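The values are calculated or read from the model by the stated rules, or taken from the named source; none is laboratory data. The structure presented is a predicted model; accordingly, all values stated were derived computationally and were not measured. Here the Cβ positions follow ideal geometry from the backbone for every residue, glycine too, while neighbour counts run over all protein chains shown.
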Amino acid sequence: MAVYSFDQFRKVLSRLNFQKLRSRKHETWRKILENGDILRVRVSHRHKRTIPKWLFYKMLQQAGIDEGTFRTILKKKK
């Protein structure tokens, strides 16, 4: 597993059309799917720090994606 930062995770969420709702102790990102389901991901303010492995997978689960999809989206240029 590669090591990713919280900034990189924010970039992927943004590219997946998640919206940042609030920013207190943690940022809350939300995406409403076509079927009405709501995905929520909480992201730490530790911008450049790396995400612990267990937390990275928890965040991927909340976002509804896998690591391969994450890497693909992160590599795309916008």
Exercise. Right, Arg10: free of Cβ contacts under 8 Å to residues at least 40 places away in the same chain, part of a helix (DSSP H, G or I) and under 13 Å from the mean Cα position of the chain (by Cα) or not?
Worked result: yes
For this session: Collect the residues in region 39-49 that are surrounded by fewer than 13 Cβ atoms within 10 Å (Cβ to Cβ) and of a type in the set (D, E, K, R), keeping them in residue-number order.
Result: Arg40, Arg46, Lys48, Arg49
Problem set entry | In region 55-67, the residues that are part of a loop (DSSP other than H, G, I, E, B) and either in contact with a Gly (Cβ under 9 Å, 6 or more places away or on another chain) or touching a residue at least 12 places away in the same chain (Cβ under 8 Å) (or both) | Gly64, Ile65
For this session: Inspect region 68-76 for any residue being hydrophobic (A, V, I, L, M, F, W, C), in contact with a Ser or Thr (Cβ under 7 Å, 6 or more places away or on another chain) and assigned to a helix (DSSP H, G or I) and give the result as yes or no.
Result: no
Problem set entry | Conditions (1) part of a loop (DSSP other than H, G, I, E, B); (2) surrounded by 12 or more Cβ atoms within 10 Å (Cβ to Cβ); (3) not hydroxyl-bearing (Ser, Thr, Tyr): number failed by Gly36 | (2)
Seminar exercise, completed: Scanning region 39-54 residue by residue, those at pLDDT 90 or above and assigned to a loop (DSSP other than H, G, I, E, B) turn out to be Ile51, Pro52
Seminar exercise, completed: Scanning region 50-60 residue by residue, those over 11 Å from Phe9 (Cα atoms) and surrounded by 12 or more Cβ atoms within 10 Å (Cβ to Cβ) turn out to be Leu55, Tyr57, Lys58
